[in-house]
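The values are calculated or read from the model by the stated rules, or taken from the named source; none is laboratory data. These figures come from a predicted structure and were not determined experimentally. Cβ placement follows ideal geometry from the backbone for every residue including glycine, while neighbour counts extend to all protein chains displayed.
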Amino acid sequence: MRIRVLTDNYVPYSTPFCGEHGASYFVEDNDGTKILMDMGKTDVFIKNAEKMGIDVTTANKIVFSHGHYDHTWGLQHFIDKIKDTKNMPEMVVHPLLFDEKNEDGRDIGINTTVDEVKKYFKLTMTREPYKLSENITYLGEIKRRFDFENKKPLGETVHNGVKHDDFIYDDSAMVYKNSEGIYIITGCSHSGICNIVEQAKEVSDEENVIGIIGGFHLIPKNEQLYKTIEYLKSCNIKEFYPGHCTSYDARFEMSKSLDVRVLSVGLDISCN
């Protein structure tokens, strides 16, 4: 498997790439499957991909980790790239991804409708784990196992015309499995990075976690952060690439006892 970071908040010094508050990853499995996971907020992921020699329109699978703007608004730009081609990739998402989402009176949800998506993609909406390739699986709806994670809603969501506090049940991730263990790719981890790791272990029937890359949604130095660190230490994970929605304070605290590495636009990781 190969992972290349197309969009993140952080950009290395002296590179041709641009950053933004968002996330996007181009993931290739050994069987030839190409997965575009998340698309950031603008067309930055396309421009960065071009500079990396990646044609995003060759992706045959599209996955959204959840329905927030900083992961989905780039979809409109992607549609502009593929609408005149015969390429119709499969899009795999949680059924709640298209629900309206608001925070403090502003729209923070996806700005593309289900009907528009169906014009350009083979849409698969599932709460269950879903096989994307020979070795990569979409984790589906994440079970909330730890009481220190996802304790507070983030804004509100509207489902079937009814407004609810949003605990972001559409938040998911992907897991890659090889003979040595599993590698987890997250978007924001609103469902809790520890919950995600446990689900990845269960879905893959594998306890050994090689690494994790993506947003951990750990910001203040609080109970959740320190309990998360203790849990991750107990997993004996080899490498961590926390990015996007993970604060400097959180990364610093994690780095005291975990092998925290820099996640930035242009990062290229192989795991075979």
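Do we find a residue being out of contact with any strand residue (DSSP E or B) (no Cβ under 9 Å at 6 or more places or on another chain), without any contact (Cβ under 8 Å) to a residue 40 or more places away in the chain and under 23 Å from C194 (Cβ atoms) anywhere in segment 136-143? Within segment 136-143, none of the residues are out of contact with any strand residue (DSSP E or B) (no Cβ under 9 Å at 6 or more places or on another chain), without any contact (Cβ under 8 Å) to a residue 40 or more places away in the chain and under 23 Å from C194 (Cβ atoms).
Per-residue answers, yes or no, for (1) surrounded by 15 or more Cβ atoms within 10 Å (Cβ to Cβ); (2) modelled with pLDDT of 95 or more; (3) in a strand (DSSP E or B); (4) not polar (S, T, N, Q):
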residue	(1), (2), (3), (4)
T85	no, no, no, no
M88	no, no, no, yes
K101	yes, yes, yes, yes
N111	no, yes, no, no
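Applying a threshold of 6 Å to beta carbon distances and a minimum spacing of six or more residues, or different chains, the list of pairs starting in segment 213-242 at a residue that is closer than 18 Å to R145 by Cβ and ending at one that is of a type in the set (S, T, N, Q) reads F216/S189; F216/T246; H217/S189; L218/T246; K233/S257.
Scanning segment 58-80 for residues that are within 22 Å of E28 (Cβ to Cβ) and exposed (fewer than 15 other Cβ atoms within 10 Å of the Cβ) yields one hit, T58.
Restricting attention to segment 222-230, does a residue exist that is more than 16 Å from the chain's Cα centre (by Cα), under 22 Å from M91 (Cα atoms) and either among the β-branched types (V, I, T) or outside any loop (DSSP other than H, G, I, E, B) (or both)? No: zero hits. The sole residue among K151, K131, K122 that is surrounded by fewer than 18 Cβ atoms within 10 Å (Cβ to Cβ) and modelled with pLDDT under 95 is K151. Might you check whether a residue that is acidic (D, E), part of a loop (DSSP other than H, G, I, E, B) and without any contact (Cβ under 8 Å) to a residue 12 or more places away in the chain occurs anywhere in segment 62-83? Checked against the condition, which is being acidic (D, E), part of a loop (DSSP other than H, G, I, E, B) and without any contact (Cβ under 8 Å) to a residue 12 or more places away in the chain, segment 62-83 yields no hits at all.
Go through segment 2-37 and give me each residue that's basic (K, R), out of contact with any helix residue (DSSP H, G or I) (no Cβ under 6 Å at 6 or more places or on another chain) and within 12 Å of A49 (Cβ to Cβ).
R4
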